[in-house]
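Chemist: The following block contains the structure, expressed as structure tokens.
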Amino acid sequence: MADPSANAGDGLLPQILNFNVGVLGHVDSGKTSLARALSSTASTAAFDKNPQSKERGITLDLGFSAFTVPLPYHLREACGERAYHSLQFTLVDCPGHASLIRTIIGGAQIIDLMLLVVDVVKGMQTQTAECLLIGQLTCSRMIVILNKIDLLPSDKKQSAIDKMTKRMHKTLENTRFKGCPVIAVAAKPGGPDAPDTEEGQGITELIELLKTQAFLPKRDPSGSLLMAVDHCFSIRGQGTVITGTILQGALRVNDTLEIPALKVTRKVKSVQMFRKPVPSAIQGDRVGVCVTQFDPKLLERGVVCTPGSLRTLYAAIISVHKIEYYRGALSSRSKFHITVGHGTVMARVSFFSRVSRSIPSGASDGSPSEQGMDSFSFEWEFHHQEEFLSSPGETEGKEPQQWALLEFEQPVTCPPLSLVIGSRLDSDIHANTCRLAFHGKLLEGFEDKNYTETTLPKLKISKDKHKEGAVERVMDDYTVIGRNLFKKETNLQLFVGLKVTLSSGETGIIEGSFGQSGKIKIRVPEGLKEETKQLLSSSSKKKGKGGTKNEPAKEEEAKIDSQPIAIHLNFKRYVYDPHKKMVQS
């Protein structure tokens, strides 16, 4: 399929390669000032146009702005036949406030490179660390910006910058960003109230650094369209403009779009990239799409796509990895905030792992280690876990592969293999703790609202069960009566045919109930050993002594206390089996 961007602007516009740069960091670290200092062209959503942002002086939403530079030489070679003339840096200004972490996660999924903005005076703060974690999950390259160097005393400025640079390199040593560039700037010398005529320090050097760090992102115009929407507004006489970033596929004038959250479709009337009309756009491009007859109030943030290409899920199975800085327990049946696609919903989480079994030499069991860690099959047998296993596995000190079932409180719309992040966003935002708990990849989605009856029973997750009772007496050489394994009200028919073992070594089979008090009849196919019969016989004689008709309670008590032979029943039950069958291997 031809590259749709090849026709951008019908030949009137130069070919522009778009490169998305996320600007993340703690609140008040100066991210918006940095984006403003870098940008020459702003989009409708740039620079805190949200009224609440202006009122509170912080970014509440994703902001977008851009600047264009001549295409660097190293990219000319990488682009090959695609004759781009310019490189456009689209800056995604993410909010730094702790309560807006879900917006940050949504923004981080559309970036190619991250600028981590650090206040040079304050250093790393809690939300700086959370932004760093999100960056590790969503992009491959980062530049650390030490901002506000104008606040440092001139005689100590360089030593303070060197000290903070060293500290940041130490912090990043065990991350994917080890050795990444660190640059010092003053995006807005004199602070927010300083006149705009004051030029930033180090901005030209930062632009040069960005040019060297830019790479040719993977852009694929084929496949279904998926666009992350961050703003929606109407223009009188024209229609409604949906702005966002194309995550996959391509978009053309006259295409039909689906807004899956509202289950409606609309035709594309026109497309713009930073106020310039274009006939088409591809993955990675930031666009404004004009559609008709659509109320912008119905869609603030979400996704649009090729009609029928996205699924709405009520539950999902994900691969799961704990975030090492999260200090809380990951317990089954607990609830977490789940960010998937571009939404965040509450979900109940249940953890499970693969049942280990011996495989013949040279054979394959199709295990995750063979197929990649992010694989799953309904054919596999799993164990239920009360909580995520954080201890290293037996091989190479790695965490054992684990999965989780997410049951959403509200349905979510997202593409397959989406990044999933589990958080505790209700934690105290002032506490110095990481709220990001785990991450994974969406491997299987349940579209049926009644998934607990239709799909979930196919998921073979079992719990190991153990019951222990005692032999009460011998009926004959092949039959004993057991007690204390079950309660009076237990449906014993569910257990008929299951194997038990006696502490004396024999194996028996439950034949059925005996009487009305929960006792059971056990057949021992191989027969009781002589020493077992003697032991039970002598025990029975001891119990008989001293017992009278007037003391039945004491006699029963003596029988229980002196019983020497235990009965062990081991089985498993599949958590989602509607028939609650007991299974023995």
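Chemist: Can you tell me which of 187, 250, 214 is under 23 Å from residue 89 (Cβ atoms), over 32 Å from the mean Cα position of the chain (by Cα) and in contact (Cβ under 8 Å) with a residue 40 or more places away in the chain?
Modeler: Result: 187 is the single residue among 187, 250, 214 that is under 23 Å from residue 89 (Cβ atoms), over 32 Å from the mean Cα position of the chain (by Cα) and in contact (Cβ under 8 Å) with a residue 40 or more places away in the chain.
Chemist: Of all residues in the range 282-310, which are assigned to a strand (DSSP E or B) and under 14 Å from residue 241 (Cβ atoms)?
Modeler: Answer for the range 282-310, where residues must be assigned to a strand (DSSP E or B) and under 14 Å from residue 241 (Cβ atoms): 286, 287, 288, 289, 290, 291, 304.
Chemist: Hey, residue 469 hits all of (1) open to solvent by 60 Å² or more (accessible area, probe 1.4 Å); (2) on the phi < 0 side of the Ramachandran plot but one; which does it fall short on?
Modeler: (1)
Chemist: Checking the structure you have, find out if any residue of the range 471-492 is of a type in the set (Gly, Ala, Ser) and over 30 Å from residue 418 (Cβ atoms). Explain how you work it out, then say what you get.
Modeler: Of the residues in the range 471-492, the ones of a type in the set (Gly, Ala, Ser) are 482.
If we keep only those that are over 30 Å from residue 418 (Cβ atoms) as well, we get 482.
Yes, the range 471-492 has at least one match.
Chemist: Just to be sure, is residue 77 loosely packed, with under 15 Cβ neighbours inside 10 Å, at pLDDT below 50 and either within 34 Å of the chain's Cα centre (by Cα) or not in a loop (DSSP other than H, G, I, E, B) (or both)?
Modeler: The answer is no for residue 77.
Chemist: Just name the residue that is least open to solvent (accessible area, probe 1.4 Å) out of those in the range 521-539 that are outside any loop (DSSP other than H, G, I, E, B) and at pLDDT 95 or above.
Modeler: Result: 522.
Chemist: Being in a loop (DSSP other than H, G, I, E, B) and among the hydrophobic types (A, V, I, L, M, F, W, C): is that true of residue 215 here?
Modeler: Values: in a loop (DSSP other than H, G, I, E, B): yes; among the hydrophobic types (A, V, I, L, M, F, W, C): yes.
The answer is yes for residue 215.
Chemist: Moving to a separate point now. Conditions first: (1) under 30 Å from residue 304 (Cβ atoms); (2) open to solvent by less than 30 Å² (accessible area, probe 1.4 Å); (3) out of contact with any Pro (no Cβ under 8 Å at 6 or more places or on another chain). Residue 112 passes all but one, so which condition is the exception?
Modeler: The single condition residue 112 does not satisfy is (3).
Chemist: Filter the range 457-509 down to residues that are free of Cβ contacts under 8 Å to residues at least 24 places away in the same chain and among the β-branched types (Val, Ile, Thr) and give me whichever is nearest to residue 387 (Cα to Cα).
Modeler: Among them, the one singled out is 496.
Chemist: To continue, here is another question. May I ask you to say which residue of 261, 194 is under 30 Å from residue 410 (Cα atoms) and assigned to a loop (DSSP other than H, G, I, E, B)?
Modeler: 261
Quick grid of which residues meet (1) surrounded by 15 or more Cβ atoms within 10 Å (Cβ to Cβ); (2) modelled with pLDDT of 90 or more; (3) in contact with an Asp or Glu (Cβ under 6 Å, 6 or more places away or on another chain); (4) over 30 Å from residue 146 (Cα atoms):
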| position | (1), (2), (3), (4) |
| --- | --- |
| 190 | no, no, yes, no |
| 197 | no, no, no, no |
| 202 | yes, yes, no, no |
| 213 | yes, yes, no, no |
| 236 | no, no, no, yes |
| 240 | yes, yes, no, yes |
| 261 | yes, no, no, yes |
| 292 | no, no, no, yes |
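Chemist: Can you confirm whether the range 397-413 contains a residue that is at positive phi and modelled with pLDDT under 95?
Modeler: yes
Chemist: I'd like to check something: does the range 92-100 contain any residue that is open to solvent by 50 Å² or more (accessible area, probe 1.4 Å), at pLDDT 55 or above and part of a helix (DSSP H, G or I)?
Modeler: Kept after step one, since they are open to solvent by 50 Å² or more (accessible area, probe 1.4 Å), are these residues of the range 92-100: 99.
Right, trim to at pLDDT 55 or above and you get none.
No, the conditions are met nowhere in the range 92-100.
Chemist: Let me ask something else. Scan the range 474-485 residue by residue and report those that are open to solvent by 20 Å² or more (accessible area, probe 1.4 Å) and either in contact with a His (Cβ under 8 Å, 6 or more places away or on another chain) or among the hydrophobic types (A, V, I, L, M, F, W, C) (or both). So that I can check it myself, show each step before the final result.
Modeler: The initial filter retains those residues of the range 474-485 that are open to solvent by 20 Å² or more (accessible area, probe 1.4 Å), namely 474-478, 484.
Listed by number, the residues that qualify are 474, 475.
Chemist: Within the range 242-258, can you find the residues that are open to solvent by 70 Å² or more (accessible area, probe 1.4 Å) and not in a strand (DSSP E or B)?
Modeler: 254 - this is the single residue of the range 242-258 that is open to solvent by 70 Å² or more (accessible area, probe 1.4 Å) and not in a strand (DSSP E or B).
Chemist: Same structure again: Give me the residue from the range 166-188 that is open to solvent by 30 Å² or more (accessible area, probe 1.4 Å) and of a type in the set (Val, Ile, Thr) and, out of that set, farthest from residue 147 (Cα to Cα).
Modeler: Going through the qualifying residues, I end up with 171.
Chemist: Are any residues in the range 347-373 modelled with pLDDT of 95 or more and not small (Gly, Ala, Ser), and if so, which ones?
Modeler: 348, 349, 351, 352
Chemist: Where the second residue is open to solvent by 20 Å² or more (accessible area, probe 1.4 Å) and the first is of a type in the set (Phe, Trp, Tyr) and lies in the range 63-78, which pairs have Cβ atoms under 6 Å and are six or more apart or on separate chains?
Modeler: 67/39; 67/40
Chemist: Give me the pairs, please: first residue somewhere in the range 123-143 and open to solvent by less than 40 Å² (accessible area, probe 1.4 Å), second residue anywhere and charged (D, E, K, R), beta-carbon distance under 9 Å, and either six or more positions apart or on two chains.
Modeler: Cβ pairs passing all conditions: 123/167; 126/435; 128/119; 128/122; 130/435; 135/176; 139/112; 142/176.
Chemist: Only one of (1) modelled with pLDDT of 90 or more; (2) closer than 23 Å to residue 67 by Cβ is not met by residue 267, so which one is it?
Modeler: Of everything listed in (1) modelled with pLDDT of 90 or more; (2) closer than 23 Å to residue 67 by Cβ, residue 267 misses just condition (2).
Chemist: Can you work out which of the residues in the range 419-461 that are open to solvent by less than 60 Å² (accessible area, probe 1.4 Å) and assigned to a helix (DSSP H, G or I) is nearest to residue 319 (Cα to Cα)?
Modeler: 456
The values are calculated or read from the model by the stated rules, or taken from the named source; none is laboratory data. What you are looking at is a predicted structure, and each value in this text was computed from that prediction instead of being measured. Because the Cβ atoms are built from the backbone with ideal geometry, glycine has one as well, and the counts that use them run over all protein chains shown. Keep in mind that these areas ignore ligands, DNA and RNA; they rest on the heavy atoms of the full protein, side chains included. Shrake-Rupley method; radii C 1.70, N 1.55, O 1.52, S 1.80 Å.
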